[in-house]
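Nothing in this text is a laboratory measurement; each read-out follows from the coordinates by a stated rule. What you see is a predicted model; the values in this text were computed from it and never measured. No Cβ is skipped: glycine too gets one built from the backbone with ideal geometry, and neighbour counts run over all protein chains shown.
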Amino acid sequence: AQTVTQSQPEMSVQEAETVTLSCTYDTSESDYYLFWYKQPPSRQMILVIRQEAYKQQNATENRFSVNFQKAAKSFSLKISDSQLGDAAMYFCAYRRGGGSEKLVFGKGTKLTVNP
Amino acid sequence: GAVVSQHPSRVICKSGTSVKIECRSLDFQATTMFWYRQFPKQSLMLMATSNEGSKATYEQGVEKDKFLINHASLTLSTLTVTSAHPEDSSFYICSAKIPRTANTEAFFGQGTRLTVV
């Protein structure tokens, strides 16, 4: 079974600084997708960024970028120029390819942004 | 992006009663929806996969008789917590994905906080 591990229960960053959240996963599949979701206090899950495993180029979305190391099964999220609104729980998630739609989530990292 | 609406957002019920939670895809047809449960300060755990027109697929350890899922139309899935007990108190979230597209994103409802007293 696939597993997703987030080893940092909590992280903090100063406003305008950069922070990296770690995520590793375990799978024997070659076709899969990886995601980072943000869950603010409202509890609404918001997609931050996605990465297709077949793509070698790391995904970027404005201030958010990933470091996808397929051989190491690592998928870290870098948040640049951190803003107060970035404070939330961040979940790393895995989805197998080939039509499967189930998401497997890590335990989450609580990010605090200090002014 | 696509919109998934979940209702109610909060519900308090008495122990022994049943509670129904609705999950609707507002601007797309969802042949498959997913129901997750989230305990305080914990991750989302998949409970079951809801399939339109057929039986739901439950994850190991989830009681199908307690958590009844009905997906009667392409835009609506319901989760009924039967004979609720305080230990069923939790945050329940549904999600759906636009089928047969290259869009890999899962769209989530706003979640339902269930409190059983």
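Taking the Cα centre of chain B as origin and assigning +1 to Lys and Arg Cβ atoms and -1 to Asp and Glu Cβ atoms, the resulting dipole is close to 140 debye.
For each pair in A:107/B:20; A:107/B:64; B:14/B:41; B:20/B:55; A:78/A:110; A:38/B:41, compute the distance between the two Cα atoms and list the pairs where it is over 22 Å. Don't skip to the end; give the middle numbers.
Values: A:107/B:20 27 Å; A:107/B:64 25 Å; B:14/B:41 24 Å; B:20/B:55 17 Å; A:78/A:110 14 Å; A:38/B:41 14 Å.
In this structure, A:107/B:20; A:107/B:64; B:14/B:41 lie more than 22 Å apart at Cα.
Ordered by the count of other Cβ atoms within 10 Å of each Cβ, fewest first, B:63, A:101 give B:63, A:101. Sorting B:90, B:15 by the number of Cβ atoms found within 10 Å of their own Cβ, with the fewest placed first, yields B:15, B:90. Here the relative contact order of segment A:1-85, from alpha carbon pairs under 8 Å that lie six or more residues apart, stands at 33 percent. Less than 11 Å Cβ to Cβ from residue B:111, Lys/Arg counted +1 and Asp/Glu -1: what total charge do the surrounding residues give? With Lys, Arg at +1 and Asp, Glu at -1, the neighbours total +4. Remark: the protein assembly as shown carries a charge dipole of roughly 280 debye about the Cα centre, counting +1 on each Lys and Arg Cβ and -1 on each Asp and Glu Cβ.
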